[in-house]
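Remarks on the structure that follows.
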Amino acid sequence: MTYTATRRGTYSGLVVQAILNNLSPLFFIIFQESFGFSYERLGMLVVINFVVQVVMMSLGIALVEKLGYRTPIIIAQACAALGLVLLGALPLLMNNAYAGLVIATAVGAVGGGLSELILSPIMNALPTPPNQKASAMSFLHSFFSWGQAGTILISTLFLYLAGGSSWWILPILWAVLPLANLILFTAVPLPEQVGKAERTSVKDLFLSPLFLIFILLMVCGAASELTVAQWASLFIEQGFGLSKVLGDIAGPCVFAVMMGAGRILYSVLSGRIGYRAYMLASSALCVGCYLLISLSFSPVLGLIGFALSGLAVSAMWPATLSYAAARFPLGGTLLFGALAIFGGLGCSLGPWVAGVIADNSAGGLRTGILGGAVFPAFIILLVIILNIKRKNA
């Protein structure tokens, strides 16, 4: 096999990530109606998913440095498959359905955390001209979006045809993909890591003001993306009165397609559009989308807000990874791991904050999403600081 097969494996790995992060929220309204879970308990499942991912990213850095990429990525795919199977089985087999969901979420998140840690540095280390690294990274992360759209579309159609009571079958069917990835990663060639002697140290990274800005950008970018993505299905069904099928396809699915299209567009234009200019424009658009979603009572305008927010957040994560890798070329797995850890924190923080605000305000989820606008607004401030630092350098 060649590095072409390795690239395809990373693309497929991002699709698995999308399944792990987006399948359970599609069942939120089913869980709410069947088990009586509150917004906060549903939001806590998102928190558990990403907190466990963060823990695994933290532990996985040393694991990858000791074992290389192959063994951890195989473990990741095995845990992803097991977590999906348990998601379909445990809530129905255990007396405490919520405990079953927590266990399944945590097992899948072990695989998700290791995958998030490993896939980006593998792609960055593959033979690619330096001026095409950002393009390759954005193209890689577009597969998360296509996976998200496919998960939503296929799962929604399945639930429509088979009925909501058949929801438990879906996770078990989706587990086939990580099992196939597991087999693939046993055979494909994988690149070498940055040598320990040349690698940027933990101290040098975390004492760099520039790296601290990258950390905050990852937190806010991830929170900006996931606040909308995780709550879109429930918001559209309850806020606009659309059916689950129409709500999932017109909201989260279109969001994912627009995010994927935005990442493809950035991969094409990354050599011509500066990182800071892109982040300013996309963050401003994202703030506008949050306001449109939360303040408009028109389903048409609200759905437009969801769609455009997918475009707005599209390259926040991959572009920040690429820019940081270019500024710290010897960062290796540590660099990507640290940024992914804080990105994972943002992924849990955004949806959880929105859920807490929703449970404690008269406006419900509208007010929750309105509160989430603080994250893209803070990105604008961070980019302004980056521009000031560049001018003073």
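The values are calculated or read from the model by the stated rules, or taken from the named source; none is laboratory data. On a predicted model such as this, the values are computed, not experimentally measured, just so you know. Cβ placement follows ideal geometry from the backbone for every residue including glycine, while neighbour counts extend to all protein chains displayed. Side chains included, ligands, DNA and RNA excluded: accessible areas come from the protein's heavy atoms. Shrake-Rupley method; radii C 1.70, N 1.55, O 1.52, S 1.80 Å.
Points to keep in mind about this one:
- Among the residues of the range 128-148, the one identified as surrounded by fewer than 24 Cβ atoms within 10 Å (Cβ to Cβ) and closer than 12 Å to Val254 by Cα is Trp146.
- Check on Thr128, β-branched (Val, Ile, Thr) and under 28 Å from Ala324 (Cβ atoms): yes
- Within the range 133-249, helices (runs of 4 or more DSSP H) holding 1 or more residues that are modelled with pLDDT under 90, touching a Gly at 6+ places or on another chain (Cβ under 8 Å) and among the small types (Gly, Ala, Ser): 133-162, 209-239
- Verdict on Gly260 being assigned to a helix (DSSP H, G or I) and either surrounded by fewer than 16 Cβ atoms within 10 Å (Cβ to Cβ) or not basic (Lys, Arg) (or both): yes
- Residue list for the range 232-248, filter: surrounded by 20 or more Cβ atoms within 10 Å (Cβ to Cβ) and closer than 13 Å to Tyr160 by Cβ: Gly247, Asp248
- For Thr156, the requirement of being farther than 20 Å from Ala80 by Cα, touching a residue at least 12 places away in the same chain (Cβ under 8 Å) and under 21 Å from the mean Cα position of the chain (by Cα) is met.
Okay, residues lined up against (1) without any contact (Cβ under 8 Å) to a residue 60 or more places away in the chain; (2) in a helix (DSSP H, G or I):
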| site | (1), (2) |
| --- | --- |
| Ala5 | no, yes |
| Thr10 | no, yes |
| Ile19 | no, yes |
| Pro25 | no, yes |
| Ile29 | no, yes |
| Phe37 | no, no |
| Arg41 | yes, yes |
| Met44 | no, yes |
| Val47 | no, yes |
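- Scanning the range 98-125 for residues that are open to solvent by less than 10 Å² (accessible area, probe 1.4 Å), touching a residue at least 40 places away in the same chain (Cβ under 8 Å) and over 22 Å from the mean Cα position of the chain (by Cα) returns no hits.
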